[in-house]
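Here is the structure we will look at, set down as structure tokens.
The values are calculated or read from the model by the stated rules, or taken from the named source; none is laboratory data. Predicted, not measured: the structure shown is a model, and the values here were computed from it. Here the Cβ positions follow ideal geometry from the backbone for every residue, glycine too, while neighbour counts run over all protein chains shown.
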There are 2 protein chains.
Amino acid sequence: MIPLANKKDLKPEDFPSDIEGLRMTRQRREVLAVILRDRDHPTANDVFRRAQDRMPTISLATVYNCLEALVSHNIVRQVNLDRESSRYCPNLSDHCHFQDESSGKIHDVVFKEGVKLEDILELPKGTEISHLDISLKGNFGNK
Amino acid sequence: MIPLANKKDLKPEDFPSDIEGLRMTRQRREVLAVILRDRDHPTANDVFRRAQDRMPTISLATVYNCLEALVSHNIVRQVNLDRESSRYCPNLSDHCHFQDESSGKIHDVVFKEGVKLEDILELPKGTEISHLDISLKGNFGNK
DNA sequence: TTTCGAATTAGAATAATTCCAAATTCCGGC
DNA sequence: GCCGGAATTTGGAATTATTCTAATTCGAAA
């Protein structure tokens with residue numbers, strides 16, 4: 001179900017040649033590897049700089065192309081907080097994002113067991129949800 | 001608590017000279033009046049075009065300035081969906097946003113009675129939430 | 001009425017992202 | 001292995017929303 005979620009140390013060249021119907025090119029492997037390795041919700045530009053370590057000729061446009069391909073094939077998730085640049089996240093399970101205001105860092109937060117949207121929101125009957133985005137900002141108590 | 005939420009038909013010139021500690025200039029009144037009148041979550045540019053009807057000399061920069069002043073004084077709320085331009089909303093009560101994928105229109109959705117965040121999310125004890133954003137995308141069933 | 005800080009303005013600047021057209025790579029069939 | 005068409009990559013230009021800047025205007029208080 002989340003085939004790649006735990007493959008933190010898989011080398012790019014070991015990825016299968018096709019993931020979720022997406023042909024894995026050299027660049028796409030590299031971009032994906034960066035996102036799986038450093039799970040700190042990097043921006044496109046972060047990914048670009050990191051990918052350059054192993055692939056100095058990769059271009060920013062390609063990073064954007066790869067990210068869009070990976071996102072549209074549900075291999076990685078795009079995270080938007082306010083008007084900041086998009087960030088990318090290899091965690092595909094249902095979760096939301098908490099931004100610590102003192103560090104700016106983003107943490108994944110999961111739902112409590114058994115929570116369903118219909119229990120929380122007044123939605124017209126029959127409403128179909130295709131995307132859900134929850135983001136929080138605040139501070140951890142122990143500070 | 002939500003002093004302006006229902007003042008749909010208040011004329012700009014009738015606004016008090018100070019709202020939530022913000023001095024109400026001619027331009028700020030006009031911008032606020034537009035947001036209170038048309039509750040369709042306009043973008044800054046929408047607000048600009050509408051404000052020009054009654055105030056042809058207002059500038060886009062001013063609209064941005066006014067919006068930022070109104071938002072930071074908690075008089076209107078800024079709504080960000082994905083990477084689209086920010087939208088503005090006079091509804092200050094706790095609610096979230098549902099974007100109908102077929103029309104693009106945005107609807108307010110409220111929480112069910114008594115729902116609390118701590119009941120829904122696995123948050124480290126003591127976490128303080130300063131901002132919460134929930135947005136949904138999908139379709140109404142009856143279509 | 002004068003004054004002074006705040007607000008407004010037009011236009012330039014910025015930043016993230018997308019677009020474009022050319023060059024390269026990939027892959028199946030010969 | 002070689003060829004052709006399709007997909008991908010690339011650098012740079014273009015776009016878009018928003019912010020910045022510096023000059024001007026406004027407006028409340030003295």
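When you look at B:Thr62, is it over 19 Å from the mean Cα position of the chain (by Cα) and either assigned by TED's automatic domain parsing to the domain that holds B:Gln27 or within 12 Å of DNA strand C (Cβ to nearest atom) (or both), yes or no? Full working, then the answer.
Values: over 19 Å from the mean Cα position of the chain (by Cα): no; either assigned by TED's automatic domain parsing to the domain that holds B:Gln27 or within 12 Å of DNA strand C (Cβ to nearest atom) (or both): yes.
Spelling it out, it is not the case that B:Thr62 is over 19 Å from the mean Cα position of the chain (by Cα) and either assigned by TED's automatic domain parsing to the domain that holds B:Gln27 or within 12 Å of DNA strand C (Cβ to nearest atom) (or both).
Among the listed residues B:Asp46, B:Asp119, identify the single one that is farther than 30 Å from B:Ser17 by Cα, acidic (Asp, Glu) and assigned to a helix (DSSP H, G or I). Let's see the steps before the verdict.
Working: B:Asp46 fails: farther than 30 Å from B:Ser17 by Cα.
Every option except B:Asp119 fails the conditions.
Applying the selection to the range A:122-143, what residues are facing chain B (nearest Cβ under 7 Å), in a loop (DSSP other than H, G, I, E, B) and surrounded by fewer than 18 Cβ atoms within 10 Å (Cβ to Cβ)?
Of everything in the range A:122-143, those that are facing chain B (nearest Cβ under 7 Å), in a loop (DSSP other than H, G, I, E, B) and surrounded by fewer than 18 Cβ atoms within 10 Å (Cβ to Cβ) turn out to be A:Glu122, A:Pro124, A:Lys125, A:Gly126, A:Phe140, A:Gly141, A:Asn142.
What's the number of the condition A:Phe98 fails, among (1) within 14 Å of chain B (Cβ to nearest Cβ); (2) crowded, with 18+ Cβ neighbours inside 10 Å; (3) over 15 Å from A:Asp133 (Cβ atoms); (4) more than 16 Å from DNA strand C (Cβ to nearest atom)?
It fails just one condition, (3).
Hey, any hits in the range A:38-51 for a residue that's without any contact (Cβ under 8 Å) to a residue 40 or more places away in the chain, within 16 Å of DNA strand C (Cβ to nearest atom) and surrounded by fewer than 12 Cβ atoms within 10 Å (Cβ to Cβ)?
No, the range A:38-51 contains no residue that is without any contact (Cβ under 8 Å) to a residue 40 or more places away in the chain, within 16 Å of DNA strand C (Cβ to nearest atom) and surrounded by fewer than 12 Cβ atoms within 10 Å (Cβ to Cβ).
Looking at (1) modelled with pLDDT of 90 or more; (2) more than 9 Å from chain B (Cβ to nearest Cβ), can you tell me which one A:Lys116 breaks?
(1)
When you look at A:His107, is it under 24 Å from B:Asn139 (Cα atoms) and not assigned by TED's automatic domain parsing to the domain that holds A:Cys66, yes or no? Please lay out each step first, then the result.
On the way: under 24 Å from B:Asn139 (Cα atoms): no; not assigned by TED's automatic domain parsing to the domain that holds A:Cys66: yes.
When the stated conditions are applied, A:His107 does not pass them.
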